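Here's the structure we're looking at; comments come further down.
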Amino acid sequence: MRSLLRTLKWLLAGAVLLVLAYQVWVFAHLLWWTQFNPSQTRFMSLRLDEMRERKPDAQLRHQWVPYERISVHLKRAVIAAEDDAFVDHEGFDWEGIQKAMEKNRKKGRAVAGGSTISQQLAKNLFLSPSRSYVRKAQEAAITFMLEAVMDKRRILEIYLNVVEWGDGVFGAEAAAQRYYRIPAAKLGPEQAARLAVMLPNPRKYEKTFGPRLAAHAARIAGRMHYSQVP
């Protein structure tokens, strides 16, 4: 019995050390990305693997552009659509989370998430689209680290450059070229609003952009000038 307990203690200690080592690894990457741009995210890697199952030579559409070469209209539209309180919170919009939980309770299913741009970036950089309490806890830990080492401008810059905007389409530049044949710097308000409302399900909405989504884009276009941009 003592031998079993000793073994369990060693296994638990090993598991704790592995978890701590992973957090250190994540933190080191975030520190590096304060000055250097990530070349690929976890989401990109997963999508590329999926694409290559269908087509072995498939490639992602992705081109990094600096913050100054992304239209201010897209910055405002994404903040308006995804995270109105982006410049004010410290990674978590508790009021937004509460509203999402209440909406989900009334609907009896998950229809709203309440995730901030910082949380979405944490997930995109390191995690998978799967849902579990363990993944959500890790997302929260990464979000704390992200907000600790980066300012809002850098968080938004990375997010707009790595977020998924269609099947194999990642980042603002690739999205602008894919849907409008123009650089991200030249996106107008209506174009930016339409791109912003695609973010919750980009691979679906690139195929079907119906009247309901168009109406949502019009609402975003109508209020995005109120959005505060870092």
Based on DSSP H runs of at least 4 residues, each adding -39500 (n - 2.57), what is the mean residue ellipticity at 222 nm of the chain after dividing by all its residues, to the nearest 500 deg cm²/dmol?
-20000 deg cm²/dmol
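Beyond 32 Å, how much of the Cα-Cα pair distribution for the chain remains, as a whole percent?
I get 23 percent for the Cα pairs in the chain exceeding 32 Å.
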Going toward the positive end of the dipole of region 166-230, with +1 on Lys and Arg Cβ and -1 on Asp and Glu Cβ, which of 183, 221, 169 do you reach last?
221
Give, in nm to one decimal, the length gained when the segment between residue 190 and residue 226 is fully stretched (0.36 nm per residue of separation minus the Cα-Cα distance).
11.5 nm
Expressed in angstrom and ordered largest first, the alpha-carbon extents of region 5-92 along the principal axes are 60, 44, 26
Rule-of-thumb Rg ratio for region 1-50 [Cα; 2.2 N^0.38 Å; N residues]
1.81
Relative to the first principal axis of the alpha-carbon coordinates of the chain, what is the inclination of helix 42-54, with its axis defined by its Cα atoms, in degrees from 0 to 90 and to the nearest 10?
80 degrees
Rg/Rh over Cα atoms for region 104-216, Kirkwood Rh, comes to 0.99
Could you tell me which of the pairs 123/152; 75/186; 9/123; 75/207 are separated by over 21 angstrom between their Cα atoms in the structure shown?
9/123; 75/207
Rounded to the nearest 10, the angle in degrees between the Cα long axis of helix 152-162 and the longest principal axis of the Cα atoms of the chain comes to 80 degrees
Return the single residue from 35, 119, 177 with maximal mean-square fluctuation; model: Gaussian network over the chain, springs between Cα atoms under 10 Å.
35
Degrees, to the nearest 10: 211-223 long Cα axis against longest axis of the chain
90 degrees
Any residue on another chain or 5+ positions along whose placed amide H is under 5 Å from the amide H of residue 165 is listed here as 170, 171
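Stretched out fully, how many nm does the piece from residue 49 to residue 132 gain, at 0.36 nm a residue minus the Cα gap?
Length gained, residue 49 through residue 132: 27.7 nm.
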Region 208-228 and region 153-196: distance between their alpha carbon centers, rounded to Å
15 Å
Phi-derived 3J(HN,Hα) across region 62-77 with the Karplus relation (6.51, -1.76, 1.60, θ = phi - 60°), rounded Hz, x for Gly and Pro, is 7, 9, 6, 10, x, 3, 5, 9, 10, 3, 4, 5, 5, 4, 5, 5
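No value in this document is a laboratory result; all are computed from the given coordinates. Since we're looking at a predicted model, the values are computed, not measured. For neighbour counting, all protein chains shown are included, and Cβ atoms are generated from backbone atoms with ideal geometry for every residue, glycine included.
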